[in-house]
Amino acid sequence: HSMTTHSSGAGVVAAAVDPLEEPLWERRLADHPNGSFFHTSPWLRVLRDTYGFKPAFMVDRRQDESPIIPTMEVSSWLTGRRGIALPFTDECAPLTRESGGFQEFFRAALELARARGWNYVECRGGRPLFGEAPASTSFFGHQLDLTPSEPQLYSGLEGSVRRAVRKARQSDLTVTFSQTPDAMHTFYGLLCRTRRKHGLPAQPFRFFANIQRHILAANLGQVVLVHQGTVPLAGAVYFHRGATVLYKFGASDET
């Protein structure tokens, strides 16, 4: 649990804290309107237990409602030591209730990063907070409102997708929702096929085993599998927090 701190000229006291050692972290996070699943302790445990990364979230020690820059300390012989928010994570934006004081806090956080020997800090999300600083890369995010009825959602699909759904309904498929290690193991087999098709290595199985242990077993997500008879055809892994469901991984056997 790091207690490293750094003060800015304006009095901000930036400190690196490990949320996994903060008993009230989830309560503090619940008060942030922009908090996501990736800010929570279960996801941090997955990354820590799989890859050995150390959570080092940067906060202002003077106030409970300070901005939060969610970072993990990543070290390697090739790229040195750095702070990433967060590795293997789609988006994990800095949390702040108002953008006005963020720049002052961010300057103190950068000084803290230098004091910890980080070569750089990478933030994933929060683009409006960084003024004219150019983004190193960009991605699209997609949100789907699930409050309309199923027929309404279905009517909004493209024609080719509706035809695929009709074909699936006629193909004697079985859909299961599960949170078990066996279901995760089945999904991982499909994932390895899909990653090979894309010319990419699959993540280590321990990554998905930790997802099952820390997230699915805690009723914070599920594996959806589609079988034809006993043959698994496709699957997806979802996480959920409150009223939001996050589609995280998908895989299939195209044969």
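The values are calculated or read from the model by the stated rules, or taken from the named source; none is laboratory data. Just so it is clear, the model here is predicted, and its values are computed rather than measured. Note: ideal-geometry Cβ built from the backbone for every residue, glycine included; neighbour counts use all protein chains shown. Calculation scope for accessible area: heavy atoms of the full protein, side chains included, ligands and nucleic acids excluded. Shrake-Rupley method; radii C 1.70, N 1.55, O 1.52, S 1.80 Å.
Before moving on, here are some points about what is shown:
- Residue selected from segment 114-128 under the condition farther than 20 Å from Thr89 by Cβ and in a helix (DSSP H, G or I), by the criterion least open to solvent (accessible area, probe 1.4 Å): Ala115
- Scanning segment 157-186 for residues that are open to solvent by 70 Å² or more (accessible area, probe 1.4 Å) and either touching a residue at least 60 places away in the same chain (Cβ under 8 Å) or of a type in the set (Phe, Trp, Tyr) (or both) yields a single hit, Phe177.
- Matching residues, segment 52-63, being touching a residue at least 12 places away in the same chain (Cβ under 8 Å) and either touching a Cys at 6+ places or on another chain (Cβ under 9 Å) or open to solvent by 60 Å² or more (accessible area, probe 1.4 Å) (or both): Lys54, Arg61, Arg62
- Residues that are modelled with pLDDT of 85 or more and either assigned to a loop (DSSP other than H, G, I, E, B) or under 20 Å from Arg28 (Cβ atoms) (or both) within segment 64-82 comprise Pro67, Ile68, Ile69, Pro70, Thr71, Met72, listed in sequence order.
- Every residue from segment 92-109 that is open to solvent by 20 Å² or more (accessible area, probe 1.4 Å) and in contact with a Ser or Thr (Cβ under 7 Å, 6 or more places away or on another chain): Glu104, Arg107
- Considering segment 6-38, the residues that are under 21 Å from Arg62 (Cα atoms), open to solvent by less than 60 Å² (accessible area, probe 1.4 Å) and part of a helix (DSSP H, G or I) include one that is modelled with the lowest pLDDT, namely Arg28.
- Residues located in segment 239-255, provided they are open to solvent by 70 Å² or more (accessible area, probe 1.4 Å) and either acidic (Asp, Glu) or in a strand (DSSP E or B) (or both): Arg241, Thr244, Val245, Tyr247, Glu254
- If you check Gly117, Gly100 for being of a type outside the set (Val, Ile, Thr) and modelled with pLDDT of 90 or more, only one passes: Gly117.
- On the stretch given as segment 39-63, residues that are in a helix (DSSP H, G or I), of a type outside the set (Phe, Trp, Tyr) and touching a Leu at 6+ places or on another chain (Cβ under 9 Å) total 7.
- Scanning segment 132-153 for residues that are among the charged types (D, E, K, R) and either surrounded by 10 or more Cβ atoms within 10 Å (Cβ to Cβ) or within 24 Å of the chain's Cα centre (by Cα) (or both) gives a single hit, Asp145.
- Hey, Pro87 modelled with pLDDT of 90 or more and either open to solvent by 60 Å² or more (accessible area, probe 1.4 Å) or within 27 Å of Thr40 (Cα to Cα) (or both) or not: yes
- Output for segment 89-110, where each listed residue is farther than 23 Å from Ala30 by Cα and either within 17 Å of the chain's Cα centre (by Cα) or free of Cβ contacts under 8 Å to residues at least 12 places away in the same chain (or both): Leu110
So that you can scan it fast, the table gives a plain yes or no per residue for (1) basic (Lys, Arg); (2) open to solvent by 70 Å² or more (accessible area, probe 1.4 Å); (3) in contact (Cβ under 8 Å) with a residue 60 or more places away in the chain:
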site	(1), (2), (3)
Leu112	no, no, yes
Phe130	no, no, no
Tyr188	no, no, no
Pro201	no, yes, no
Leu216	no, no, no
Leu220	no, no, yes
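- Counted residues, segment 179-226 - those being touching a Leu at 6+ places or on another chain (Cβ under 7 Å) and among the small types (Gly, Ala, Ser): 2
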